[in-house]
């Protein structure tokens with residue numbers, strides 16, 4: 001008899017599982033569930049950093065691996081009057097403000113950025129959607145810029161503000177932004193990149209300057225950067241999750 | 001219920017074989033627990049995986065994506081009334097409207113790789129698909145490692161490792177399976193050659209392969225273990241192998257369910273839930 005009862009209970013269990021799977025779409029809309037599933041993000045970040053030491057390099061490739069056409073994604077042209085006038089004069093007046101928790105706030109012109117030591121790397125860009133493209137990036141190591149600005153002891157995150165508005169015309173503007181922690185920000189391959197494949201960065205790829213963080217997914221690599229702020233906490237900034245896509249539910253840690 | 005009636009019902013439902021029989025403790029509690037946890041994980045992983053795949057429903061071979069030459073793609077071509085779903089594998093194309101490439105979401109035809117009934121969540125929602133996928137990926141890996149530790153520690157490896165005798169009997173086994181003749185009595189107490197091969201393949205080959213190809217897609221893991229890229233021949237190849245692994249698991253699942261049904265549904269099911277498997281004959 002116990003076998004029969006157990007058999008019945010199993011069928012109830014199997015039915016409940018099937019119901020759960022079909023109900024998962026509506027479950028996904030529950031904030032508590034998304035928060036619970038997202039707890040794993042912390043585990044993933046710690047586990048990955050256990051293996052990937054602060055200075056392990058993303059693989060670099062050879063010239064013949066470079067994609068003939070590097071796919072552009074996200075904003076392809078900020079198209080604001082202000083941006084258009086910068087583009088028209090070759091971004092000569094573009095400035096990158098570096099501020100927040102730093103001893104020496106900076107305001108860098110593109111010429112000043114280019115005058116700093118540069119790094120060129122042929123790396124693979126991995127989009128969260130699943131595709132990959134290989135390109136050659138040239139830029140200034142973010143670590144050098146941060147060293148010049150001298151972060152204060154309480155600084156933990158580097159926030160990048162961008163010139164591309166993500167809302168449609170008529171809505172209140174929401175500009176793209178992203179953040180890295182200092183560990184990823186001072187990685188030798190983390191660049192403020194101003195060249196792709198030896199040419200000035202095209203508009204669709206974030207002209208005049210974009211972030212390269214080669215151990216992260218594409219959405220972390222903000223384009224059209226005009227301001228960098230060092231913070232101890234980003235929870236009061238915009239949606240509070242540290243980036244434009246993060247505020248839409250994507251993981252802040254973009255290592256996988 | 002009188003004992004006789006209960007016995008009749010148990011036989012009628014195939015819970016125990018007709019004739020003299022006794023119960024044999026077939027699966028330990030650990031094996032049963034890890035089996036069901038694994039089954040749940042694979043269901044969530046497959047469906048959330050298809051959701052993630054739908055964000056870019058194409059597969060490539062090599063280090064990066066050659067967008068003009070995917071080895072597989074599920075695309076939608078606009079027509080006057082909606083979309084035609086096209087499945088492409090190498091040089092071949094098929095119209096798969098309604099299932100692959102273009103299908104209905106809440107009654108509205110959409111361009112999407114796999115249909116809403118196969119993905120988790122149903123509608124296009126990559127961020128949520130990733131949350132489900134990585135949550136169950138951790139559970140799958142932890143459960144798998146505990147199961148491995150258990151079978152190595154308890155010496156169960158020999159129950160799963162196909163031996164010379166198993167391989168020699170393989171043609172006979174295949175013939176028997178096609179004639180739906182399954183081991184009975186004493187022979188039903190251990191796995192036959194085909195079972196050993198199938199279980200060995202999923203536990204020691206497919207399982208590690210799906211995890212390692214999954215990790216190879218992580219740019220951070222590639223920096224820690226560049227050997228992964230060398231092993232699989234690049235990130236996009238790893239992604240393709242990951243996809244093949246997922247469908248191999250699905251293939252295994254279908255054959256597994258068919259075998260469970262054909263070789264004594266309730267007896268098998270009970271042995272995987274309570275551990276007890278009814279064996280024909282007398283206990284000695």
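At a glance:
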item	result
Residues of segment A:190-206 satisfying the condition of being in contact with a strand residue (DSSP E or B) (Cβ under 7 Å, 6 or more places away or on another chain) and within 23 Å of residue A:246 (Cα to Cα)	A:190, A:191, A:192, A:193, A:205
Any hit, segment A:164-171, residues being at negative phi and in contact with a helix residue (DSSP H, G or I) (Cβ under 9 Å, 6 or more places away or on another chain)	yes
Matching option when the condition is within 14 Å of chain B (Cβ to nearest Cβ), surrounded by 24 or more Cβ atoms within 10 Å (Cβ to Cβ) and farther than 23 Å from residue A:110 by Cα, among A:239, A:254	A:254
Residue in segment B:94-111 that is over 18 Å from residue A:129 (Cβ atoms), in a loop (DSSP other than H, G, I, E, B) and within 12 Å of chain A (Cβ to nearest Cβ) present	yes
Yes/no for residue B:249 being assigned by TED's automatic domain parsing to the domain that holds residue B:18, touching a residue at least 60 places away in the same chain (Cβ under 8 Å) and not in a helix (DSSP H, G or I)	no
Residue in segment B:250-261 that is under 30 Å from residue A:212 (Cα atoms) and modelled with pLDDT of 95 or more present	no
Selection count where residues are within 23 Å of the chain's Cα centre (by Cα) and surrounded by fewer than 20 Cβ atoms within 10 Å (Cβ to Cβ), scope segment B:224-236	0
Selection count, segment B:218-242, where residues are in contact with a strand residue (DSSP E or B) (Cβ under 8 Å, 6 or more places away or on another chain) and more than 10 Å from chain A (Cβ to nearest Cβ)	1
Selected residue [surrounded by 12 or more Cβ atoms within 10 Å (Cβ to Cβ), assigned to a loop (DSSP other than H, G, I, E, B) and in contact (Cβ under 8 Å) with a residue 40 or more places away in the chain] from B:136, B:182, B:200	B:182
Test: residue B:147 is more than 14 Å from every other protein chain (Cβ to nearest Cβ), surrounded by 13 or more Cβ atoms within 10 Å (Cβ to Cβ) and modelled with pLDDT of 95 or more	yes
Sole exception among (1) at pLDDT 90 or above; (2) more than 8 Å from chain B (Cβ to nearest Cβ); (3) part of a helix (DSSP H, G or I) for residue A:41, by number	(2)
Residue list for segment A:92-135, restricted to those being assigned to a loop (DSSP other than H, G, I, E, B) and closer than 19 Å to residue A:201 by Cβ	A:92, A:93, A:94, A:116, A:117, A:127
Segment B:49-67, residues that are facing chain A (nearest Cβ under 9 Å) and assigned to a helix (DSSP H, G or I)	B:52, B:53
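The rows are residues; the columns are (1) free of Cβ contacts under 8 Å to residues at least 12 places away in the same chain; (2) over 19 Å from the mean Cα position of the chain (by Cα); (3) surrounded by 12 or more Cβ atoms within 10 Å (Cβ to Cβ).
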residue: A:55; (1), (2), (3): no, no, no
residue: A:65; (1), (2), (3): no, yes, yes
residue: A:74; (1), (2), (3): no, no, yes
residue: A:81; (1), (2), (3): yes, yes, no
residue: A:103; (1), (2), (3): no, yes, no
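The values are calculated or read from the model by the stated rules, or taken from the named source; none is laboratory data. Please read these numbers as outputs of a predicted model, since none were measured by experiment. With ideal geometry, Cβ positions are generated from the backbone for all residues, glycine too; neighbour counts draw on all protein chains shown.
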